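Accompanying notes for the structure given below.
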Amino acid sequence: MPIHEKTLIRPENLVSHDELVIDGVDVSGHWSTFIKPRTITDYNEEMQAEIAALPGGENIHRCWQCGSCTNSCTMNAVNPEFNPRYWIYLIRQGLEEELLRDKDIIWQCVSCNKCTYACPRDVVPEAVMKATAHWLELKGHTGESLSSVFDRGFTDNVVHSGKIEEGHVLRIFFWRTGQPLAPPWLRDLILGLVKKLPVFYLYNLLKTAVLRPKTRGWGKTGAAIEDYVRERHAEQAAALGLSGKGGH
Amino acid sequence: MSEKPILIVGGGPAGLSAAHAVASSGRQAVIVDKADRLGGAPILQGYAKLVPSHEWAKDAIGGMVTRVQTNANITVHTGAQVQSFAGDPGDFLAALSDGTKIEADAAILATGFTHFDSLNKPEWGFGTYPDVVTTVQVEQMISSGKGIRCPSDGRVPERVAILLCVGSRDRQIGREWCSKICCTVSANMAMEIRELSPKTNVYVYYMDIRTFGLYEGEFYWKGQEEARVKYIKARIAEVTSDGKRLVVKGEDTLVKRPITIPFDMVVQAIGMDPNVDNMTLGAVFGVDLNQYGYIGKAAAYTTTGQTSRPGVYVCGAASGPETIDDSIAQGQAAAIAALSRQGVRVAQAAE
């Protein structure tokens, strides 16, 4: 018999056989449709503590599920599936499997912070969304994206020299993402600069591009920042039970 | 006004408080308790630390018992029940099961409640699985000092479920009332379990949380924020076993998903039934019971603690689920009402 309310059932829970005969009765196709149970069978007891260990997740345990965050949410107005209240509940109870279903939309938070001001319990849901996206990334549930590759190159550049050398950031980004190092738009940009900029500026541009000078006295500052970042990464990896150097 | 004693039936927190109040005013009080000692449920059932004071029951209520036992104005009859109660306000005569006759000016019923018997909800596994226990049993585990252990094999449970509203708010078994104290007692117990065995995770399954007033912060939220107790909005359908662990089935209503979760121990937060003797008490004292089977009260504001019979007063959990603190306050209020024979003249004028 056809199932009339199939929309209420997750597609992966619907099972049918193209060819199936039971006791001589042909039940091929939708005649053999059955629905797999969707029962929750366990809790991940570490989950809340893991998210709480990441920056922004500290206050998640305060949530009393009033829904103020979801009601005020900019993204929820656009996509009803974007539901911070629901995700916070899943994390608090350790319903990991459920959370992972939404791993590709959690990052969509635009950090408008309306939820932050609506929350009566000071959970700071916006920060929890960041921590959750971070958790998904550290746990390897969400892969590298173009933007995370760019961010890594950008951060490395800043930590290395104390300033941003756009040309270098771009080249690293193109190289790591397998793109041509000199796309037409970049060539046009450079040619335009060469034609119009005074020689003095051009000379300075070229010099910084080649020599990549550091901010004066950067050595100790950069090292301190690097140490700090490494420590935080190690802490977070430990909190999440990850062995290697977490994050990217 | 005559100077006959005030008869107080029941030696729990309410009765002890009423007796002390009567005696403090210089009058005589007589306590009759069917148990072999005073203290009521907190002592007889072996409660651990009380809410909200965190004092051990044997110290807190034990102190009230000592105060009564050493007061020359108070006479105590334990192991006895009132078998007949006749007369009028100012001139009552009670006959006890041990043959004693007591003349009394007025009577205060401080007869308390009876814990819900979990056998009446067989689907939750009490009586079938040894690791399904009641809050009273866990109170006893804590007060015995032996810690939280599964009764079946003595192991420390990795995961404990506390089910709220067992024997409360349930029309199926004729118990529509909220037992008032179980949410806070359970919240406190969850924290105590976490403290006694930090590796035990505690989950509370609830329909609503009624940690009213100041209990909200000190019990409900402290439990979550500091002890990391988990609260899940689900009414459990049944408790079964997979042969190794208990299996709790229900629906997590906030995610609209069925749950089938393994647990090592299930604790039922049992509610407060009317005292099983209330039918007898009602007949002996000639007082009406309310629709739930508790001892009925007259109007709420003008006639504090009065029953349907002039000169007979009620306090504490005898007239409905009550906290220990409020039972103690009501005991004092009933004492004042009894001493001044509140409501008696109004009733006589009406006749």
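Which condition does residue B:265 not pass, out of (1) in contact with a Phe, Trp or Tyr (Cβ under 8 Å, 6 or more places away or on another chain); (2) of a type in the set (A, V, I, L, M); (3) more than 14 Å from chain A (Cβ to nearest Cβ), if it passes all the others?
Tallying (1) in contact with a Phe, Trp or Tyr (Cβ under 8 Å, 6 or more places away or on another chain); (2) of a type in the set (A, V, I, L, M); (3) more than 14 Å from chain A (Cβ to nearest Cβ), residue B:265 fails exactly one: (1).
Please verify whether residue B:273 is modelled with pLDDT of 95 or more, closer than 30 Å to residue B:121 by Cα and crowded, with 19+ Cβ neighbours inside 10 Å, treating the condition exactly as stated. Full working, then the answer.
Working: modelled with pLDDT of 95 or more: yes; closer than 30 Å to residue B:121 by Cα: yes; crowded, with 19+ Cβ neighbours inside 10 Å: yes.
Taking the combined requirement at face value, the residue satisfies it.
Which of the residues belonging to the range A:38-57 are more than 18 Å from residue B:201 (Cα to Cα) and without any contact (Cβ under 8 Å) to a residue 12 or more places away in the chain? Quick ask: steps written out before the conclusion?
If we filter the range A:38-57 for residues that are more than 18 Å from residue B:201 (Cα to Cα), which is where we start, we get A:38-39, A:53-57.
Listed by number, the list holds a single entry, A:39.
Would you tally the residues in the range A:202-242 being under 21 Å from residue A:162 (Cα atoms) and either in contact with a Leu (Cβ under 9 Å, 6 or more places away or on another chain) or open to solvent by less than 80 Å² (accessible area, probe 1.4 Å) (or both)?
19
Just for helices (runs of 4 or more DSSP H) wholly inside the range B:242-351: which have at least 1 residues that are touching a Cys at 6+ places or on another chain (Cβ under 9 Å) and over 23 Å from residue B:137 (Cβ atoms)?
Ranges flagged: B:324-339.
Of all the residues that make up the range A:1-33, how many are over 25 Å from residue A:98 (Cβ atoms), β-branched (Val, Ile, Thr) and part of a loop (DSSP other than H, G, I, E, B)? Write out each step before concluding.
We begin by selecting, within the range A:1-33, every residue over 25 Å from residue A:98 (Cβ atoms); these are A:1-2, A:4, A:17-32.
Restricting the remaining residues to those that are β-branched (Val, Ile, Thr) gives A:21-22, A:25, A:27.
Remaining after also requiring part of a loop (DSSP other than H, G, I, E, B): A:27.
Final tally of qualifying residues: 1.
Being surrounded by fewer than 16 Cβ atoms within 10 Å (Cβ to Cβ), in contact with a helix residue (DSSP H, G or I) (Cβ under 9 Å, 6 or more places away or on another chain), more than 26 Å from residue B:122 (Cβ to Cβ) and away from chain A (no Cβ under 12 Å), is that true of even one residue in the range B:224-240?
No; the residues of the range B:224-240 include none that is surrounded by fewer than 16 Cβ atoms within 10 Å (Cβ to Cβ), in contact with a helix residue (DSSP H, G or I) (Cβ under 9 Å, 6 or more places away or on another chain), more than 26 Å from residue B:122 (Cβ to Cβ) and away from chain A (no Cβ under 12 Å).
Being assigned to a loop (DSSP other than H, G, I, E, B) and modelled with pLDDT under 95, is that true of even one residue in the range A:149-158?
Let us first name the residues in the range A:149-158 that are assigned to a loop (DSSP other than H, G, I, E, B), namely none.
No.
State yes or no: is residue A:41 under 28 Å from residue A:241 (Cα atoms) and within 14 Å of chain B (Cβ to nearest Cβ)?
Working: under 28 Å from residue A:241 (Cα atoms): yes; within 14 Å of chain B (Cβ to nearest Cβ): yes.
Considered against the rule, which asks whether it is under 28 Å from residue A:241 (Cα atoms) and within 14 Å of chain B (Cβ to nearest Cβ), residue A:41 comes out as yes.
If I ask for residues that are acidic (Asp, Glu) and assigned to a loop (DSSP other than H, G, I, E, B), which ones from the range B:202-236 would you list? Break it down into steps so the answer makes sense when it comes.
Let us first name the residues in the range B:202-236 that are acidic (Asp, Glu), namely B:208, B:216, B:218, B:225-226.
Result: B:208, B:226.
The values are calculated or read from the model by the stated rules, or taken from the named source; none is laboratory data. Quantities reported herein were computed from a predicted structural model and do not represent experimental measurements. Heads up, the Cβs are rebuilt from the backbone with ideal geometry, glycines too, and the neighbour counts pull from every protein chain shown. For the accessible areas, the whole protein counts, side chains as well, though only heavy atoms, and no ligand, DNA or RNA atoms are used. Shrake-Rupley method; radii C 1.70, N 1.55, O 1.52, S 1.80 Å.
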